[in-house]
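Here it is, the structure, as structure tokens.
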Amino acid sequence: MDMTGEVSPEQAERILAMLTEGKSMDNVNTTLALRLIPLAEEIGKAELVERLLEHAHKVAEDDVERGWVDFEKYKLSNHEPEKFAELSARTELLENGKHLSAAILHHLGLIYLSQENYTDCETFINRSLRLREELEDESGLIYGLAVLEAACKRQNEHEQALAHGTRRLELLMKNNDLEGQMEAMSDIAHTQATVGAFDAATDLYKQSLELANQLEDMSGQLVARWGLCDICEIQGDYESAMIHLSDCLHAFIAMGLPAPLQVRERLDALTNLNNSSGQE
């Protein structure tokens, strides 16, 4: 679990002090120590990060827990991909080590995705997915499919992207993950719009928007409305495009939030386009 998005810096300071000062650290096991590291990183406690890593390794109960500590060390040190691959190979052979091995392989896939090395990205993500299939780890499968979908989209392999995105959405629906469904629907809709399947894309963007409204997720609303605006603009329906962005603007105002500058600028640009088309 990532704690960084759930607490303020002040709360992080208090949590870390309560759990790590004096002899309190003696009661912290490996799992908790690893969960505290992102908090310490977030507030710039580099020395505490090192202490937590050392403690996590010292109290680890087996080679799998020590493997998780090494994985965290490698990530913090930005080790070469080869080091991660070696760690994955070692941990896969351990009893109960396949979850860790799958996580390392997934991380390697993300590294190669960031480097635009899509061949290696897909290789390592597929290896991770095979382990997660074996473990029946549906959350892990969802994350892996999202990476494959992104890699395929960047290579303009739209059919494959749609296949990965559809399977991801099916798993999210099976697990009743509404936020995940909202995001997956918009991702698939974007791919469909790219290949000119505007009706299908519009339908999915509207479903995503419905979930975003239900969840009161402003980011999800913005993505869906922006996508709907794209489709309308491509089709020359500037008035409908403006309505989608106006709705977005009003949603932010209703929540007491400042509307993103991009929304205001695009609304102005669409107004000019609409006025120009009306004069022709």
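What pairs come up if the first residue lies in region 22-39 and is modelled with pLDDT of 95 or more and outside any helix (DSSP H, G or I), the second is of a type in the set (Asp, Glu) and surrounded by 14 or more Cβ atoms within 10 Å (Cβ to Cβ), and their beta carbons are under 9 Å apart, counting only those six or more places apart or on different chains?
The qualifying pairs are Asn29/Glu65.
Next up: Looking only at region 203-218, decide whether some residue is surrounded by fewer than 19 Cβ atoms within 10 Å (Cβ to Cβ) and either of a type in the set (Lys, Arg) or within 21 Å of Leu273 (Cα to Cα) (or both).
There is at least one residue in region 203-218 that is surrounded by fewer than 19 Cβ atoms within 10 Å (Cβ to Cβ) and either of a type in the set (Lys, Arg) or within 21 Å of Leu273 (Cα to Cα) (or both).
Please verify whether Thr166 is assigned to a helix (DSSP H, G or I), out of contact with any Ser or Thr (no Cβ under 6 Å at 6 or more places or on another chain) and under 23 Å from Glu233 (Cβ atoms), treating the condition exactly as stated.
Values: assigned to a helix (DSSP H, G or I): yes; out of contact with any Ser or Thr (no Cβ under 6 Å at 6 or more places or on another chain): yes; under 23 Å from Glu233 (Cβ atoms): no.
Considered against the rule, which asks whether it is assigned to a helix (DSSP H, G or I), out of contact with any Ser or Thr (no Cβ under 6 Å at 6 or more places or on another chain) and under 23 Å from Glu233 (Cβ atoms), Thr166 comes out as no.
Here's a check for you: in region 220-264, which residue that is out of contact with any helix residue (DSSP H, G or I) (no Cβ under 8 Å at 6 or more places or on another chain) and either of a type in the set (Phe, Trp, Tyr) or in a helix (DSSP H, G or I) (or both) is modelled with the highest pLDDT? Steps first, please.
Our first condition is that a residue be out of contact with any helix residue (DSSP H, G or I) (no Cβ under 8 Å at 6 or more places or on another chain); within region 220-264, this holds for 237, 243, 250, 253-254, 256, 261-262.
With the extra rule that they be either of a type in the set (Phe, Trp, Tyr) or in a helix (DSSP H, G or I) (or both), the set shrinks to 243, 250, 253-254, 261-262.
Numbers: Ile243: 93, His250: 88, Ile253: 87, Ala254: 87, Leu261: 89, Gln262: 89.
Once the filter is applied, the top-ranked residue is Ile243.
For region 51-85, what are the residues that are assigned to a loop (DSSP other than H, G, I, E, B) and on the phi < 0 side of the Ramachandran plot? Don't jump to the end; show me each part of the working.
Kept after step one, since they are assigned to a loop (DSSP other than H, G, I, E, B), are these residues of region 51-85: 60-62, 78-80.
Of everything in region 51-85, those that are assigned to a loop (DSSP other than H, G, I, E, B) and on the phi < 0 side of the Ramachandran plot turn out to be Ala60, Glu61, Asp62, His79, Glu80.
Please verify whether Arg130 is assigned to a helix (DSSP H, G or I) and under 20 Å from the mean Cα position of the chain (by Cα), treating the condition exactly as stated. Explain how you work it out, then say what you get.
Values: assigned to a helix (DSSP H, G or I): yes; under 20 Å from the mean Cα position of the chain (by Cα): no.
No.
Another question, if that's okay. Kindly establish whether Leu100 is assigned by TED's automatic domain parsing to the domain that holds Glu157, out of contact with any Gly (no Cβ under 7 Å at 6 or more places or on another chain) and within 26 Å of Leu32 (Cβ to Cβ).
Working: assigned by TED's automatic domain parsing to the domain that holds Glu157: yes; out of contact with any Gly (no Cβ under 7 Å at 6 or more places or on another chain): no; within 26 Å of Leu32 (Cβ to Cβ): yes.
Criteria not met by Leu100.
Listed residues Ala201, Ala189, Ala269, Ala197; which is more than 25 Å from the chain's Cα centre (by Cα) and closer than 30 Å to Gly144 by Cβ?
Details: Ala201 fails: more than 25 Å from the chain's Cα centre (by Cα); Ala189 fails: more than 25 Å from the chain's Cα centre (by Cα); Ala269 fails: closer than 30 Å to Gly144 by Cβ.
Of Ala201, Ala189, Ala269, Ala197, the one residue that is more than 25 Å from the chain's Cα centre (by Cα) and closer than 30 Å to Gly144 by Cβ is Ala197.
Now a separate question. Could you figure out which of (1) surrounded by 16 or more Cβ atoms within 10 Å (Cβ to Cβ); (2) out of contact with any Leu (no Cβ under 8 Å at 6 or more places or on another chain) isn't true of Glu239?
(1)
Separate question: From the residues in region 173-199 that are of a type in the set (A, V, I, L, M) and more than 15 Å from Ala161 (Cα to Cα), which one is surrounded by the fewest Cβ atoms within 10 Å (Cβ to Cβ)?
Restricting to residues being of a type in the set (A, V, I, L, M) and more than 15 Å from Ala161 (Cα to Cα), the top hit is Met173.
Rundown of residues vs (1) out of contact with any Leu (no Cβ under 6 Å at 6 or more places or on another chain); (2) in a loop (DSSP other than H, G, I, E, B), yes/no style:
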position: Gly140; (1), (2): yes, no
position: Glu149; (1), (2): yes, no
position: Cys152; (1), (2): yes, no
position: Glu170; (1), (2): yes, no
position: Asn176; (1), (2): yes, yes
position: Ile188; (1), (2): no, no
position: Lys206; (1), (2): yes, no
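So, one more: Counting just the residues of region 86-119 that are of a type in the set (D, E, K, R) and assigned to a loop (DSSP other than H, G, I, E, B), which one comes out farthest from Glu136 (Cα to Cα)? Show your work before the answer.
Here is the first cut: in region 86-119, the ones of a type in the set (D, E, K, R) are 86, 90, 92, 95, 98, 116.
So of that shortlist, the ones also assigned to a loop (DSSP other than H, G, I, E, B) come out as 95, 116.
Details: Glu95: 16, Glu116: 29 Å.
Here the answer is Glu116.
Does region 172-185 include one or more residues that are charged (D, E, K, R) and over 27 Å from Asn126 (Cβ atoms)? Quick ask: steps written out before the conclusion?
First, the residues of region 172-185 that are charged (D, E, K, R): 174, 177, 179, 183.
Going one step further and asking which of them are over 27 Å from Asn126 (Cβ atoms), we end up with none.
Scanning region 172-185, I find no residue that is charged (D, E, K, R) and over 27 Å from Asn126 (Cβ atoms), so the answer is no.
Any residue that is within 21 Å of His190 (Cβ to Cβ) and surrounded by fewer than 16 Cβ atoms within 10 Å (Cβ to Cβ) - is there at least one of those in region 114-132? Give the derivation first.
Applying the first criterion (within 21 Å of His190 (Cβ to Cβ)) to region 114-132 yields 114, 116, 118, 121-122, 125.
Filter once more, so that each one left must be surrounded by fewer than 16 Cβ atoms within 10 Å (Cβ to Cβ): 114, 116.
Looking for residues that are within 21 Å of His190 (Cβ to Cβ) and surrounded by fewer than 16 Cβ atoms within 10 Å (Cβ to Cβ), one finds at least one in region 114-132, hence yes.
Yes or no: Leu249 surrounded by 14 or more Cβ atoms within 10 Å (Cβ to Cβ), over 21 Å from Gly165 (Cβ atoms) and outside the structural domain of Glu149 (by TED's automatic domain parsing)?
Values: surrounded by 14 or more Cβ atoms within 10 Å (Cβ to Cβ): yes; over 21 Å from Gly165 (Cβ atoms): yes; outside the structural domain of Glu149 (by TED's automatic domain parsing): yes.
It is true that Leu249 is surrounded by 14 or more Cβ atoms within 10 Å (Cβ to Cβ), over 21 Å from Gly165 (Cβ atoms) and outside the structural domain of Glu149 (by TED's automatic domain parsing).
The values are calculated or read from the model by the stated rules, or taken from the named source; none is laboratory data. The structure presented is a predicted model; accordingly, all values stated were derived computationally and were not measured. So basically every Cβ, Gly included, is an ideal-geometry build from the backbone, and we count neighbours across all protein chains shown.
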